[in-house]
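Quick notes on the structure that follows.
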Amino acid sequence: LRNDSAYYSRDDEDDEEPLCYDCYTRDARQRAIQDYSYKPEPIFYGNGNRYFGVELEIDGAGEYSGNAKTILALANAREDLIYCKHDGSLDEGFEIVTHPLTLEFHQKNMPWETIMCEAVTMGYRSHQAGTCGLHVHVDDANHNRNSLKNLMSIMYSKEDILFKALRV
C-alpha cells in the first residue's frame with residue numbers, strides 16, 4: 001500500500017496502521033458519526049439533471065453516537081440518504097450530510113421535518129446555536145445566471161419552513 005493511497009482510522013491517533021480505501025470505508029460505515037474528512041461514494045437520488053447535497057450543522061446536545069443513530073434511522077429507514085460527520089467548529093454537535101438529491105427528491109422524499117423535530121427534541125439547535133451553518137452544494141450542471149437566481153429564490157422561499165421546524 002503506497003503512502004499516497006493510505007487511509008487511517010479515527011482510532012489510530014498515531015497513523016500506525018494504514019488502510020486501503022475499502023477497509024477504511026468498511027470501518028467507517030460502522031460508526032454513527034464519521035470523521036470530518038469522510039467522503040463516501042455519492043449515491044444520487046431522484047431523476048433530473050441537477051443535484052443538491054446539504055450539510056446541516058446541529059449543536060448543543062453533544063456529539064453522541066446514540067443521538068446520531070436515531071437521526072440516521074429516521075432518515076435512512078428506506079435508503080441511505082444521509083450520514084453524520086464530526087465538525088470541529090461545533091461545541092457539542094455534529095453535521096448531517098445528504099447524498100446528492102434532486103430538488104424534487106428533497107421536497108417529496110427527504111424527511112427533513114421529522115429529522116429536525118427529533119433533533120430539537122434531543123436539545124439540538126442550528127440557527128439559534130450561533131455556531132452552526134447550513135451548506136448547500138450544487139452540482140456543476142449547466143448553470144447560468146437565471147438558474148443560480150432561481151436557486152437562491154427557492155432557498156429564501158423555504159427559509160420559514162426550516163426556521164419553524166427548528167423553532168428559531
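Return the only residue of L72, L19 being within 25 Å of H106 (Cα to Cα) and hydrophobic (A, V, I, L, M, F, W, C). Steps first, answer last, please.
Details: L19 fails: within 25 Å of H106 (Cα to Cα).
Of the residues listed, the single one that is within 25 Å of H106 (Cα to Cα) and hydrophobic (A, V, I, L, M, F, W, C) is L72.
Could you check region 102-120 and list, in sequence order, the residues that are of a type in the set (A, V, I, L, M) and open to solvent by 40 Å² or more (accessible area, probe 1.4 Å)?
Here is the first cut: in region 102-120, the residues of a type in the set (A, V, I, L, M) are 103, 110, 115-116, 119-120.
Once the filter is applied, which keeps residues that are of a type in the set (A, V, I, L, M) and open to solvent by 40 Å² or more (accessible area, probe 1.4 Å), region 102-120 yields only L103.
Could you list, in sequence order, the residues of region 65-101 that are hydroxyl-bearing (S, T, Y) and at pLDDT below 95? Explain how you work it out, then say what you get.
To start, the set of residues in region 65-101 that are hydroxyl-bearing (S, T, Y) comprises 65, 70, 83, 89, 98.
The answer is S65, S89.
Take region 21-76 and flag every residue that is closer than 28 Å to K158 by Cβ, of a type in the set (S, T, N, Q) and open to solvent by 30 Å² or more (accessible area, probe 1.4 Å).
N47, N49, N67, T70, N76, listed by residue number.
Hey, can you tell me all the residues within region 85-98 that are over 17 Å from E113 (Cα atoms) and either within 8 Å of the chain's Cα centre (by Cα) or open to solvent by 30 Å² or more (accessible area, probe 1.4 Å) (or both)? Please lay out each step first, then the result.
Filtering region 85-98 down to residues over 17 Å from E113 (Cα atoms) leaves 85-94.
Residues satisfying the conditions are K85, H86, G88, S89, D91, E92.
Whether any residue in region 149-163 is within 27 Å of D35 (Cα to Cα) and at pLDDT below 95 is what I want to check. Step through it out loud before you land on a result.
Here is the first cut: in region 149-163, the ones within 27 Å of D35 (Cα to Cα) are 162.
Now restrict to residues that are at pLDDT below 95: 162.
Checked region 149-163: at least one residue is within 27 Å of D35 (Cα to Cα) and at pLDDT below 95.
Can you find, within region 19-36, the residue that is nearest to D80 (Cα to Cα) among those that are assigned to a loop (DSSP other than H, G, I, E, B) and modelled with pLDDT of 85 or more?
Taking region 19-36 first, the residues assigned to a loop (DSSP other than H, G, I, E, B) are 20, 30-32, 35-36.
Subset that is modelled with pLDDT of 85 or more: 32, 35-36.
Numbers: A32: 13, D35: 18, Y36: 18 Å.
Among residues in region 19-36 that are assigned to a loop (DSSP other than H, G, I, E, B) and modelled with pLDDT of 85 or more, the one nearest to D80 (Cα to Cα) is A32.
Looking at this structure, is G123 at positive phi, among the small types (G, A, S) and surrounded by fewer than 19 Cβ atoms within 10 Å (Cβ to Cβ)? Give the derivation first.
Details: at positive phi: yes; among the small types (G, A, S): yes; surrounded by fewer than 19 Cβ atoms within 10 Å (Cβ to Cβ): yes.
Against the criterion (at positive phi, among the small types (G, A, S) and surrounded by fewer than 19 Cβ atoms within 10 Å (Cβ to Cβ)), G123 qualifies.
The values are calculated or read from the model by the stated rules, or taken from the named source; none is laboratory data. All values derive from a computational prediction rather than experimental measurement. Positions of Cβ are generated from backbone atoms using ideal geometry, with glycine treated the same way; all protein chains shown enter the neighbour counts. These accessible areas exclude ligands, DNA and RNA; they are computed on the full protein's heavy atoms, side chains included. Shrake-Rupley method; radii C 1.70, N 1.55, O 1.52, S 1.80 Å.
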